[in-house]
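As structure tokens, the structure follows; a few thoughts come after it.
Here, each number is a calculation from the coordinates, and none is a lab measurement. Note that this is a predicted model, so its numbers are computed, not measured. No Cβ is skipped: glycine too gets one built from the backbone with ideal geometry, and neighbour counts run over all protein chains shown.
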Amino acid sequence: MSGNPYQGADPKMLAEVLREAESYLAAQLQCGLAADARAISFVSVIAAAAAIVAATGFTLLLQTDPSPFGRPALAIAGGFLIAMGLASYSARPVGFHYCGNTPSSWIEDIRRRVTLEDALAEQLQHYDDQILHNAAILRGNGRCMRAALIATWLSLFLGGAYALTLLP
């Protein structure tokens, strides 16, 4: 276990750092689940809005005397579809790490008669890697969700500006 910065630490210190790492991983999971729930709720709302705006756009374009305002409505609906895709992507299933371990993960340490302190130091290194991995996923998904929000507002702004150019 050379190169493990936790090896040789006081056992009480290892236990406390382990407790805090598990707490951190649990908090990351809670944040990830909350972010996914927000993203899926956002997708539902934007899907309904896109359907209404698209139906309005088609209605305006397909009536006997077509209105040019149907085109901006369809453009807004298209932007909403992009936002939905981004938000859905941010809530996709990913390889997220949880705190804890499977009992079978300890078998090799038991066979090799690894001390509890060394096994905890190894577990802490493992948790540290998991925390960094989860943080990268949360950052990436957060960027996707922000892009979805920007796409939504940009669609409304550009669609509204396009509609204003059609006014007499």
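Here 31, 144 are placed in order of increasing Cβ neighbour count within 10 Å, fewest first, which gives 31, 144. Estimated at 0.36 nm per residue, the fully extended path between residue 106 and residue 153 surpasses their Cα-Cα distance by 11.8 nm.
For the chain, the longest principal axis of the alpha carbon atoms and the long axis of helix 11-62 meet at an angle near 10°. Ordered by the count of other Cβ atoms within 10 Å of each Cβ, fewest first, 53, 114 give 114, 53. Calculated FRET efficiency, residue 4 to residue 41, Cβ-Cβ distance, R0 = 45 Å: about 0.60 to the nearest 0.05. Comparing mean-square fluctuations of 26, 147, 48 from a GNM of the chain with C-alpha springs under 10 Å, the top value falls on 48.
Between the Cα long axis of helix 116-165 and the first principal axis of the chain there is an angle of about 10°, rounded to the nearest 10. The fewest-to-most ranking of 132, 86, 18 by surrounding Cβ atoms within 10 Å reads 132, 18, 86. Overall, the ratio between the Cα radius of gyration of the range 29-85 and 2.2 N^0.38 Å, rounded to two decimals, is 1.48. Of all trypsin sites (Lys or Arg not before Pro) in the range 104-136, which ones are in loop regions per DSSP and have a Cβ with at most 16 other Cβ atoms within 10 Å? Those that pass, being in a loop and sparsely packed, are 113. Between the entries (1) 95, 50, 28; (2) 84, 26, 21; (3) 48, 34, 29, the label attached to Cα extents along the principal axes in Å calculated for this structure is (2). The angle between the Cα long axis of helix 70-90 and the main principal axis of the chain comes to about 10°, on a 0 to 90 degree scale.
Every helix of 4 or more DSSP H residues in the chain counts as -39500 (n - 2.57), and over all residues that averages to -28000 deg cm²/dmol at 222 nm. If the chain linking residue 98 and residue 122 were pulled fully straight, counting 0.36 nm for each residue of separation and taking away their Cα-Cα distance, it would gain 7.0 nm.
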